[in-house]
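Input: a single structure, listed below in structure tokens.
Read-outs throughout are calculated quantities, based only on the coordinates presented, and are distinct from any laboratory measurement. A quick note: this is a predicted structure, and the numbers were derived from the prediction, not measured. Virtual Cβ from ideal backbone geometry, glycine too; neighbours counted across all protein chains shown.
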Amino acid sequence: STGPVNELPTSFMLEQNFPNPFNPSTQIRYALPETSNVSINVYTVTGQKVASLVSGIQSAGWHQISFDASGLNSGVYMYRLETPSLVMTKKLTLIK
């Protein structure tokens, strides 16, 4: 396909996971306007890290990752995108 889909994003974006609520896995999409050192981690609402999804240098563009929460309890979790220049956080809900 051609057009906007292939254009580089102009800003960092962290989309709401889909589906949400989910069981046991969900997709997280995010955009990088430039090659960046990226980490995406999942935390409990009290701040305990329960998963590391991405860690390292990634190229500019759209990325999508899958999060499998089979080992976790039902509840609300936070997922956080961190780069050297910003931090973005969203909530996701696991229902079993």
For this session: Return yes when Thr93 is of a type in the set (Val, Ile, Thr), under 14 Å from Met13 (Cα atoms) and within 15 Å of the chain's Cα centre (by Cα) and no when it is not.
Result: no
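The rows are residues; the columns are (1) of a type outside the set (Gly, Ala, Ser); (2) within 24 Å of Thr10 (Cα to Cα).
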residue	(1), (2)
Gly56	no, yes
Ala60	no, yes
Ser66	no, yes
Ser70	no, no
Met88	yes, yes
Problem set entry | Output for segment 37-95, where each listed residue is within 16 Å of Asn17 (Cβ to Cβ) and among the charged types (D, E, K, R) | Asp68, Arg80, Lys90, Lys91
